[in-house]
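This report refers to the structure that appears directly beneath it.
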Amino acid sequence: MSIEHPRYRAAAVQVSPAYLDLDAGVDKAIGLIAEAASAGAELIGFPETWMPGYPFFIWLDSPAWSAQFVQRYFDNSLAYGTPQADRIAEAAREHSITVVMGLSERQGGSLYIGQWIIGPDGETIARRRKLRPSHVERSVFGDGDGSDLSVYTTRLGRLGAMSCWEHVQPLSRYAMFAQNEQVHVASWPSFSLYPGSAYSLGPEVNIAVSQVYAVEGGCFVVAPCATVSEEMIELLCTDDAKRAMLLPGGGYARIFGPDGRPLHEPLAPDVEGLAYADLDLGLISLAKAVADPAGHYARPDVTRLLLNKTPGDRVVPFVAPGVEIEEDLPLPATRTTADV
């Protein structure tokens, strides 16, 4: 018996955002979706919070200084169910391509580091949030919950996604591997912050993190990574000290095979474009024959993972027995348990 494994082209975005401009960001995203599809790609991954851009201002000065950007950043973050969101979904449908959009998700009065997985029919596969924002990101964004560590069955294979330093959490990685993840989108912001003084934030470490994820999970990793534009530098770096902390460029998009092999020639860090690679999911079985950490290479009698996938709803409505309510009584929006 011969099984036909999915084979297709994937694209990783290495392009600067339309910084703090949601409508321009939607236009730019639609253009990149069309470009990837015209090159034969069936999957495109966008960097972390690419819409409306990563909030580098929180790393450059005091909270009082960065407060000047707070309202603008909030207003230009993407809310689901809006005309802007509808345009992105329609672009995925029009070009018949699966999109993993990195965004600052706006819901109510809060923001979350989100990844929106849209199928080639324009329908939502998943809306996930970064489980725990990193360091000063917690001054901007709220937490995700266990339902965000999920992998989804698609025509492209078992697809999952995480953002940035979620990838340095060993238990979160293992939760994804255990769900038979075959293709993973690892969204990164840009590797040009604190050059020379914070090695762990730089390209060497974080490219390695994506590569090791591919080896550990025996899966393909599509790792988009944004660039920092000169316009962003002009806006954010208002003195010499800030210009030394954030440099233009910093794009290191990569795509790795399930054995950790780089699958394309990288773009230069200051060059914008799309990185492409052809994925053959039949190669996964070869990689996992050597080591499958959540399968035959595991020792569950020694170590196991406890995974709570209950959605973290802030309000859980209920009605006491014998109490009647009006049918149209509005209730808070809730997050449903993700499909695994």
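The values are calculated or read from the model by the stated rules, or taken from the named source; none is laboratory data. Source: prediction; values computed, not measured. Heads up, the Cβs are rebuilt from the backbone with ideal geometry, glycines too, and the neighbour counts pull from every protein chain shown.
Hey, can you tell me all the residues within region 275-311 that are out of contact with any strand residue (DSSP E or B) (no Cβ under 6 Å at 6 or more places or on another chain), of a type outside the set (G, A, S) and outside any loop (DSSP other than H, G, I, E, B)? Matches in region 275-311: L283, I284, L286, K288, V290.
Return a yes/no flag: does region 37-49 have any residue that is under 26 Å from H184 (Cβ atoms), among the acidic types (D, E) and in contact (Cβ under 8 Å) with a residue 40 or more places away in the chain. Yes, some residue in region 37-49 is under 26 Å from H184 (Cβ atoms), among the acidic types (D, E) and in contact (Cβ under 8 Å) with a residue 40 or more places away in the chain. Name the residue that is surrounded by the most Cβ atoms within 10 Å (Cβ to Cβ), counting only residues in region 109-154 that are closer than 28 Å to H95 by Cβ and among the acidic types (D, E). Restricting to residues being closer than 28 Å to H95 by Cβ and among the acidic types (D, E), the top hit is D148.
State which residue is nearest to A186 (Cα to Cα) when the search covers only region 199-224 and only residues that are free of Cβ contacts under 8 Å to residues at least 60 places away in the same chain and not in a helix (DSSP H, G or I). Among residues in region 199-224 that are free of Cβ contacts under 8 Å to residues at least 60 places away in the same chain and not in a helix (DSSP H, G or I), the one nearest to A186 (Cα to Cα) is V221.
Of the residues in region 54-64, at least one is within 24 Å of I255 (Cα to Cα) and within 20 Å of the chain's Cα centre (by Cα).
Beta carbons closer than 9 Å, at least 6 apart along the sequence or on distinct chains, pair a first residue in region 163-176 that is surrounded by 24 or more Cβ atoms within 10 Å (Cβ to Cβ) with a second that is of a type in the set (D, E, K, R) and part of a strand (DSSP E or B) for S163/R128; S163/R129. Out of all the residues in region 80-98, is one or more closer than 20 Å to A12 by Cα, in a strand (DSSP E or B), under 19 Å from the mean Cα position of the chain (by Cα) and not basic (K, R)? Yes: one or more hits.
Condition first: within 23 Å of T124 (Cα to Cα), out of contact with any helix residue (DSSP H, G or I) (no Cβ under 7 Å at 6 or more places or on another chain), in a strand (DSSP E or B) and of a type in the set (F, W, Y). Can you find one or more residues in region 105-112 that meet it? Scanning region 105-112, I find at least one residue that is within 23 Å of T124 (Cα to Cα), out of contact with any helix residue (DSSP H, G or I) (no Cβ under 7 Å at 6 or more places or on another chain), in a strand (DSSP E or B) and of a type in the set (F, W, Y), so the answer is yes.
Filter region 225-243 down to the residues that are touching a residue at least 12 places away in the same chain (Cβ under 8 Å) and under 22 Å from G196 (Cβ atoms) and list them by number. The answer is C225, A226, T227, V228, S229, E230, M232, I233, L236, C237, K242.
Among the residues examined, A320 qualifies as more than 21 Å from F46 (Cα to Cα) and assigned to a loop (DSSP other than H, G, I, E, B). Restricting to region 264-282, name every residue that is under 12 Å from V221 (Cα atoms) and of a type in the set (G, A, S). Scanning region 264-282 gives a single hit, A277. Residues satisfying the criterion are present in region 237-257 (criterion: more than 29 Å from D61 (Cα to Cα), within 20 Å of the chain's Cα centre (by Cα) and either of a type in the set (D, E, K, R) or in a loop (DSSP other than H, G, I, E, B) (or both)).
Being free of Cβ contacts under 8 Å to residues at least 24 places away in the same chain and either more than 23 Å from E230 (Cα to Cα) or surrounded by fewer than 20 Cβ atoms within 10 Å (Cβ to Cβ) (or both) is a property that does not hold for A79.
Scanning for something of a type in the set (V, I, T), under 24 Å from the mean Cα position of the chain (by Cα), at pLDDT 95 or above and more than 23 Å from F177 (Cβ to Cβ), does region 266-276 turn up at least one residue? Yes, that holds for at least one residue. Taken over region 1-40, the criterion of being at pLDDT 95 or above, more than 22 Å from P262 (Cβ to Cβ) and surrounded by fewer than 17 Cβ atoms within 10 Å (Cβ to Cβ) is satisfied by D21, D23, A24, D27, G31, A34, S38.
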